1. Can you pull out the strands (runs of 3 or more DSSP E) entirely within region 471-559 that have at least 3 residues that are surrounded by 20 or more Cβ atoms within 10 Å (Cβ to Cβ) and hydrophobic (A, V, I, L, M, F, W, C)?
2. Just give me the residues in region 416-432 being of a type outside the set (A, V, I, L, M) and not in a loop (DSSP other than H, G, I, E, B), in sequence order.
3. I'd like to know if region 108-123 contains one or more residues that are under 23 Å from the mean Cα position of the chain (by Cα) and without any contact (Cβ under 8 Å) to a residue 24 or more places away in the chain.
4. Considering each residue of region 205-233, count those that are in a helix (DSSP H, G or I) and either among the small types (Gly, Ala, Ser) or surrounded by fewer than 20 Cβ atoms within 10 Å (Cβ to Cβ) (or both), and give that number.
5. Checking Val260 against (1) assigned to a loop (DSSP other than H, G, I, E, B); (2) crowded, with 19+ Cβ neighbours inside 10 Å; (3) at pLDDT 95 or above, only one condition comes out false. Which one?
6. Answer with yes or no whether Gly576 is more than 27 Å from the chain's Cα centre (by Cα), more than 24 Å from Val460 (Cα to Cα) and not assigned by TED's automatic domain parsing to the domain that holds Ala380.
7. State which residue pairs qualify: first residue farther than 16 Å from Arg420 by Cβ and not assigned by TED's automatic domain parsing to the domain that holds Gly465 and inside region 479-503, second residue at pLDDT 95 or above and crowded, with 19+ Cβ neighbours inside 10 Å in any location, beta carbons under 6 Å apart, and separation of 6 or more residues or different chains.
8. Where the second residue is assigned to a loop (DSSP other than H, G, I, E, B) and surrounded by 15 or more Cβ atoms within 10 Å (Cβ to Cβ) and the first is among the aliphatic types (A, V, I, L, M) and modelled with pLDDT of 95 or more and lies in region 238-253, which pairs have Cβ atoms under 6 Å and are six or more apart or on separate chains?
Amino acid sequence: MTDAEIEARFNAAVGLHRAGRAREAVPVYRQVLDDRPEHGNAAYNLGVALRSVGRVREAIEVWSRLVERDPGRVDALLGLSRAFRSLNDDARSLDFATRAATLRPGSADAHNLRSNALRSMGRNAEALAALDAALAAEPGYALAHSNRGHLLSALKRHAEAVESYRAARALQPSLPDLTGALLDQQMRSCDWRDFAALQDEVRDGVRRGEPVTIPFTFLAHNDDPADQMACVRTHMKSRFPEPLPAVWTGETYRHDRLRVGYVSSDLRIHAVSQLLVGMLERHDRSRFEIHAFALPPLVEDEMRARVRAACDTFTDVSAMDDAGIAAALRSAEIDIAVDLNGFTTHCRPGIFARRCAPVQINYLGYPGAMGTIAADYILADHTVIPAEESVSYDEKIIRLPFAYQPNDDRRAIADKTPTRAEVGLPETGFVFCSFNASYKITPPVFDVWMQLLQEVPGSVLWLLGGDAVIEANLRREAVDRGVDAGRLIFAPKAPLPDHLARHRLADLFLDTLPYNAHTTASDALWAGLPLVTCAGRSFAARVAASLLRATGLPDLVTTSLEDYKALALAMARDPGRLAAVKARLAANLPDAPLFDTDRTRRQVERAYEIAWGRRMAGLEPRSFDVPEDA
């Protein structure tokens, strides 16, 4: 074939590629390389096309051969860095990015990729320096500004992250997930500039199918389950544009006990393990074999030791990529794989997108849908997913009879209750409290809180502290609403038993919307502190209602902020009514379904058995209710 014919074929491949037909371009690039193996641009483009259709390892083979033949191909080195990054192989990603930066010190891309790998490896100071180098080389590099925001977010330097995201938006507002990330960081720092406008912008982008946010942060400011499902679909399509090869392909396992594999990054001191560990310890070992697969970060603490002891096997898979972890679950012949992360920090939905087990369940860690790419079922209850909202979940819904949330009835509360003076509270006056994370506080809810302070003389609002920027922003917002900033009291972090004990000093817990208190609500109820909630439409906005009903306190659930305020105000003004509610909570605690670890364990096990029975019968997943007498 003549040189002209080869170039014509190469140009035809490029045309297909640019038209979004990468899958069709792949064989045409290969034909060019068959006739001219040294055609570097065809090799590079072939790697790009392969990676874009999910054939990452083939792309790595192509680029590796190109770099062996031409070590100076910086574009191929960068391609290799990106490819290994997508496989969670940060060491090799860093190696190729560093080689590219050495060859071309002015390459902002190389420094940016170095930063990504370093951040994943926990080398945050070096990661920040690499981003500074990228921006020194190219001050208008929007992606580096955005990644700087991501890194500062991980370092909990939320106010600085906001400024990096704003710089990125000024340069390239269409960057994926950027607008949602900006709103998230503003919410985490209680910086409510343009809150409503950004909220609407993210919602409208989600409805158009644009990747403007990630699913988890969307929950904090959106209460529409249909919007949330749309966000998940867009996110998963962006992450996995092509179906991934399944590692479980229909084989039938025959085990004496049902093998359940819990997959999580939170098998350590974390809210998920705090809730789950009691159930793990009490699983019926005559019927169930319990396996845990620990994702990064690798942390050894007392909770991890307790979880490890509660499982038949505990496997650290923190050094493996998604395909390797999926293969590990397949090798262990896990019958039911339970994703405890969903779309939270350190999540790995790629494990489940590869069909790692016959039955896959989304449970506990993420209060919302994941979609059928990753899960057959979502484990819920009748309150968090009422019947009228079922249509907004792609997974089939398993409803437990009381609350979806397990609890550990062995959680210790410190015997000593601190004095008000010791925790910075005034000696007298009503104490409203909300120990929710800052990103759950929205301006409409804060408006209600400030109105309560104005209408209950001498009252204070007790919040979690520890971040000077958050505290300053909330105090300023209070003053703007006519409330003395000194009536906001901030509690430092404390060990869990001591934190639970200090709940005794509060009079009433005020919930947030649309992202309720979850573990935080269980903490309050376990410590004997009543909670007033406003139930929304979405899973995340209905958890506190679920917990209150499973504690025998459905009368503390409202459905509008007006009723929420009225109920809180009535309880603050009527000491007898509040005392009666506290007495009822104390009387209910010993037998409340929410804190009956063994009852929840039995119901979850029955859910597993029903789902497994359908799979063994060759039936498709379907929604079902678990009976109370499981």
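The values are calculated or read from the model by the stated rules, or taken from the named source; none is laboratory data. As the structure is a prediction and not an experimental result, all values here were calculated from the model. We place every Cβ from the backbone using ideal geometry, glycine too, and count neighbours over all the protein chains shown.
1. Because the criterion is at least 3 residues that are surrounded by 20 or more Cβ atoms within 10 Å (Cβ to Cβ) and hydrophobic (A, V, I, L, M, F, W, C), the strands (runs of 3 or more DSSP E) in region 471-559 that meet it are 508-510, 531-534.
2. Scanning region 416-432 gives Glu422, Phe432.
3. yes
4. 6
5. (1)
6. So Gly576 fails the test.
7. Note: no pairs meet the criteria.
8. Going by the 6 Å Cβ cut-off, the qualifying pairs are Ala246/Arg355; Val247/Arg354; Val247/Cys356.
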